[in-house]
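A short worksheet on the structure shown next.
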Amino acid sequence: DVILCGNVTTITANAAGSGETGIWTQVMGPAGPLIQSKTSNSTQITNFVNGTYSFSWTISNGSCISSDTVTISASEPPSTVEAGDTINVCGTSSTQLNATPVTGGVWTLISGPNFPTFSSLTAANATVYNLVMGQYKFKWSNTSSAFCPSTWDSVVVNVVPAANAGNDQS
């Protein structure tokens, strides 16, 4: 069986012997994959989309037929993400993040002086609250692909409090 990150793979079965014929057929999964050489025991298959597929290798010799199945679990690589430009916050304890929207996007805190709260962990334009003075680093990840590593980018948020000279005195 094959776990595939992408849309192309090569599968290999035992070779048909003298006087035998072999053929690959798709028996399960979304339509679309193209078997390059259906009668070769080793062939490339292209055009996968997200899903689970089964392909059968059948060897025939007259009335004697033998077959076996291979399962391919495929997912397309996640799209690239952009977390946005550095954000400088002055005099407030919240800011809106500005990442590229992607299916499967998730915000996480990499580092910072405290643990702020998010309006949404999955919105590209989430607002982050409860920021204190210091530098934060947030990671925007695309986790939409089941069998591929996630892609990610980070953004820095610099927080400076508003000036406060204290209470007036007399």
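The values are calculated or read from the model by the stated rules, or taken from the named source; none is laboratory data. Just so we're clear, the structure is a prediction, and the values are computed from it rather than from any experiment. Reconstructed Cβ throughout: ideal geometry from the backbone, glycine too, with neighbour counts over all protein chains shown. These accessible areas exclude ligands, DNA and RNA; they are computed on the full protein's heavy atoms, side chains included. Shrake-Rupley method; radii C 1.70, N 1.55, O 1.52, S 1.80 Å.
Computed values, structure above
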item	result
For the stretch 125-135, Karplus couplings with θ = phi - 60° (6.51, -1.76, 1.60), whole Hz, Gly/Pro x	10, 4, 9, 9, 10, 6, 7, 10, 4, x, 10
The chain - Cys residues lacking any other Cys C-beta under 4.7 Å	CYS64, CYS90
Highest average packing first - 93-105, 61-73, Cβ atoms within 10 Å	93-105, 61-73
Å² of accessible area per residue within the chain, as computed with a 1.4 Å probe and no ligands counted	58
Placed amide H near GLY32: partners under 5 Å, 5+ positions off or other chain	none
Semi-axis lengths, Å, the chain, gyration tensor of Cα atoms, sqrt of 5 times eigenvalues	58, 11, 10
Under 14 Å from the ALA163 label point (7 Å along Cα→beta-carbon), backbone N, the stretch 63-106	91
